[in-house]
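Single-structure report; data block below.
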Amino acid sequence: MTDELQTESGADQVRVIYDPIADTPTSYLREPAGAHPPMDYEGYKSTALRHPKQPLIYLPQTITEITGPQLGPVLMGENDNDLTVQHGGEPIGERIVVSGRVFDTEGKPLRGTLVEIWQANSAGRYKHRWDRWPAPLDPNFSGAGRCITDDEGRYTFTTIKPGPYPWGNHYNAWRPAHIHFSLLGRAFTQRLVTQMYFPGDPFFAYDPIFNSVRDPKARERMVSSFSIHDTVPNWAHAYHFDIYLRGPGATPFEEAH
Ligand SMILES: [Fe+2]
């Protein structure tokens, strides 16, 4: 492996630089270009401040990944995956069930994966001290939930459909309605973050975060599908969102923030 790496000599150090071609195992199916958002994307202004300015340093996988801090059995609260019953009353908005399965590269379902979500309320407002735009907070909605995938890799959340919200990226910038997803494997080093969107959102064409995933087919993999089969009569409508961790059909992931 060492002779496949390039070195970069600086005035005071020698840095080992990751070579994305030579260091990609042949058995690993690399996602096509544009499948994941770039770390620096011109239309998404704040990426200019948080992307690395230096080449990435190759960190070979070691046993630390499994001996380091690991998720033990996660104690789930009774209402952790139902965001509509976490307070004294019912939140305002469209009640929805969001469910799907988590798959590894070969389509193998992943059980025991911690799936966490966070989202704005139905008016598009986060319960967060930095979110000050004039939309109402909902005293019955916090917007955070979590769930462990079952033996079939399945997760389910009951929640309220989030509203779109404005953000300061450019004039008249609005985010399409979305739910943030975080997935944790067995170790804290195995965290992936993405956003789930809703079909037919009129803001798709104008959102630089959505469009920072340049491959249109990869963008489609971030959009949930309406499911009449999982819609609960007289109670909640339903959306499906399957997550593929790797490979050509991978769900686009972003830097955690
Ligand atoms: Fe958001």
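The values are calculated or read from the model by the stated rules, or taken from the named source; none is laboratory data. Keep in mind it's a predicted model, so treat the numbers as computed, not measured. Here Cβ is always computed from backbone atoms with ideal geometry, including for glycine, and neighbour counts include all displayed protein chains. SASA here: full protein model, heavy atoms, side chains in, ligands and nucleic acids out. Shrake-Rupley method; radii C 1.70, N 1.55, O 1.52, S 1.80 Å.
Summary of values
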quantity	calculated
Residue list for segment 93-108, restricted to those being at pLDDT below 95 and polar (S, T, N, Q)	THR105
Elements of type strands (runs of 3 or more DSSP E) contained in segment 131-234, each with 2 or more residues being away from the ligand (no atom under 15 Å from the Cβ) and open to solvent by less than 30 Å² (accessible area, probe 1.4 Å)	154-160, 178-184
Unique residue being at pLDDT 95 or above, more than 20 Å from HIS178 (Cβ to Cβ) and under 20 Å from the mean Cα position of the chain (by Cα) when the list is ARG146, ARG154, ARG111, ARG125	ARG154
Search result, residues across segment 42-56 that are surrounded by 12 or more Cβ atoms within 10 Å (Cβ to Cβ) and in a helix (DSSP H, G or I)	THR47
Subset of segment 101-146 (residues that are under 19 Å from MET222 (Cβ atoms) and hydrophobic (A, V, I, L, M, F, W, C))	VAL102, PHE103, LEU110, VAL115, ILE117, TRP118, ALA120
Verdict on TYR18 being of a type in the set (Ser, Thr, Tyr), at pLDDT below 60 and surrounded by 15 or more Cβ atoms within 10 Å (Cβ to Cβ)	yes
Yes/no for LEU75 being open to solvent by 40 Å² or more (accessible area, probe 1.4 Å) and either away from the ligand (no atom under 16 Å from the Cβ) or hydroxyl-bearing (Ser, Thr, Tyr) (or both)	yes
Tally of residues being more than 14 Å from the ligand (Cβ to nearest atom) and aromatic (Phe, Trp, Tyr) across segment 103-125	1
Residue count for segment 98-130, restricted to those that are acidic (Asp, Glu) and crowded, with 20+ Cβ neighbours inside 10 Å	0
Residue selected from segment 87-97 under the condition over 16 Å from ILE179 (Cβ atoms) and of a type outside the set (D, E, K, R), by the criterion surrounded by the fewest Cβ atoms within 10 Å (Cβ to Cβ)	GLY88
